[in-house]
Amino acid sequence: MAPRVLGFLVPGALAQRTGGYLYDARMVQGLRAWGWQVEVSELPGVFPGPDATAAAVLDRALAGFAAHATVVIDGLAGGAFPEILARHGDRLRLIYLLHHPLGHETGQDAGRSAWLLERERAALEHVEVVIVTSTYTQTVIEGWGVPRARLRCVPPGVAPAEPAEGPLVGEPAMLLTVGAVVPRKGQDVLIEALEQLRDRDWRAVLACDPSRDPAFAGQVSARIAAARLGDRIRQVGECTGAELERLYRSASLFVLPSWYEGFGMAFTEAMAHGLPVVGTTGGAIPFTVPEEAGWLVAPGDAGALAGVLAQALDDPGCRRTLGRAARAHARSLPDWEGAVAAFNRALAG
């Protein structure tokens, strides 16, 4: 039997270590094990655009597939180009992978957000199936008028992990943050909250890639320096898997005050290590982190964030209880093998 060919279009290098790219890479690897011949196209250009180079590259990539081929398009690559998807939608079987709506990215002006939402809604009219990564996002997209029959929900898997051991006896509690340094992740809000906790004994590690938005990353670094917290907050940049594993194992709790998440893979990864979570109610986070696993506050509320961090720091017993519940919840979620199997079913129609 000839192998099933599957196109998989992503903006830039697939090896990037953000949640969306890690999800895509897991699916590519897993689908190959299911017998798909996955042809990955790493598209150059500025996505989501508008960018003439990105548009031309996307158009050429789609034109290169034989008629009736199945092609998965990461939403970041295709969401702002409905005309291009319309040009190829009748000839190809297009599958749209939507991690979160492009217009919901924090830090954009209202006009750009509205433009992206309009473009992405139009793009979805020209694909056969829309795969979303959370039930929350599925509800959002249904609200756009996309029929449920065209929607498939395939959440990320959770890899098994050793439980966190925390700092050595006598050392301060260690707060861990993982995520690109971009406005949506709220690192600036975290620094504002930590400024209010000088009287507590803590250290923080930001395992966050500063290259996504250098201007915002500079603002976060400047904020740390201005608050004179450089001796307590360590910025280690993007980490390899092994480096990140060591950080999870040595942490006391996980904190990420995102304004919005379409799922939040870093949260499930932290819970798999038995870490209690401090996050927000932005987007899908309450659907990802159950009440018994941590504390969630309104996005952007540095005072409330400081309050729950103080509670977490002051009560190690509560941290342990929440951490056990977090680990139990993570172990109840599908693993990556199950997630790939669900994605494979979604490709079938």
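Just a few scattered comments:
- Only one entry in A122, A66 is out of contact with any helix residue (DSSP H, G or I) (no Cβ under 7 Å at 6 or more places or on another chain), surrounded by fewer than 20 Cβ atoms within 10 Å (Cβ to Cβ), farther than 19 Å from V182 by Cβ and not β-branched (V, I, T), namely A66.
- Lone qualifier among G186, G283 - being crowded, with 20+ Cβ neighbours inside 10 Å and touching a His at 6+ places or on another chain (Cβ under 9 Å): G283
- Candidate set from segment 94-111 (those that are assigned to a loop (DSSP other than H, G, I, E, B) and in contact with a helix residue (DSSP H, G or I) (Cβ under 8 Å, 6 or more places away or on another chain)); member that is nearest to A66 (Cα to Cα): H99
- Residues that are surrounded by fewer than 20 Cβ atoms within 10 Å (Cβ to Cβ), free of Cβ contacts under 8 Å to residues at least 12 places away in the same chain and over 17 Å from A312 (Cβ atoms) do occur in segment 232-240, at least one of them.
- Set T288, T321: member being of a type in the set (S, T, Y), surrounded by fewer than 16 Cβ atoms within 10 Å (Cβ to Cβ) and either in contact with a His (Cβ under 7 Å, 6 or more places away or on another chain) or not assigned by TED's automatic domain parsing to the domain that holds H100 (or both): T321
- Qualifying residue in segment 161-170 (condition: farther than 30 Å from E125 by Cα and touching a Pro at 6+ places or on another chain (Cβ under 7 Å)): no
- Residue match in segment 87-109 (condition: closer than 25 Å to A348 by Cβ, touching a residue at least 24 places away in the same chain (Cβ under 8 Å), among the hydroxyl-bearing types (S, T, Y) and surrounded by fewer than 22 Cβ atoms within 10 Å (Cβ to Cβ)): no
- Qualifying residue in segment 70-81 (condition: among the hydrophobic types (A, V, I, L, M, F, W, C), crowded, with 23+ Cβ neighbours inside 10 Å and either at positive phi or out of contact with any strand residue (DSSP E or B) (no Cβ under 9 Å at 6 or more places or on another chain) (or both)): yes
- Qualifying residue in segment 188-198 (condition: more than 19 Å from G279 (Cα to Cα), modelled with pLDDT of 95 or more and not assigned by TED's automatic domain parsing to the domain that holds L85): yes
- Boolean, V46 is under 28 Å from L244 (Cα atoms), of a type outside the set (F, W, Y) and in the same structural domain as F343 (by TED's automatic domain parsing): no
- Within segment 138-197, the set of residues being of a type in the set (D, E) and either closer than 22 Å to T18 by Cα or in contact with a Phe, Trp or Tyr (Cβ under 8 Å, 6 or more places away or on another chain) (or both) comprises E162, D188.
- Residues of segment 220-261 classified as aliphatic (A, V, I, L, M) and more than 12 Å from L206 (Cα to Cα), total: 7
- Any hit, segment 199-208, residues being surrounded by 13 or more Cβ atoms within 10 Å (Cβ to Cβ) and closer than 24 Å to G103 by Cβ: yes
- Take the conditions (1) more than 23 Å from G323 (Cα to Cα); (2) in contact (Cβ under 8 Å) with a residue 40 or more places away in the chain; (3) among the charged types (D, E, K, R); R228 misses just one of them, which is (2).
The values are calculated or read from the model by the stated rules, or taken from the named source; none is laboratory data. This is a predicted model, so every value here is computed, not measured. Every residue, glycine among them, receives a Cβ derived from its backbone with ideal geometry; neighbour counts consider all protein chains shown.
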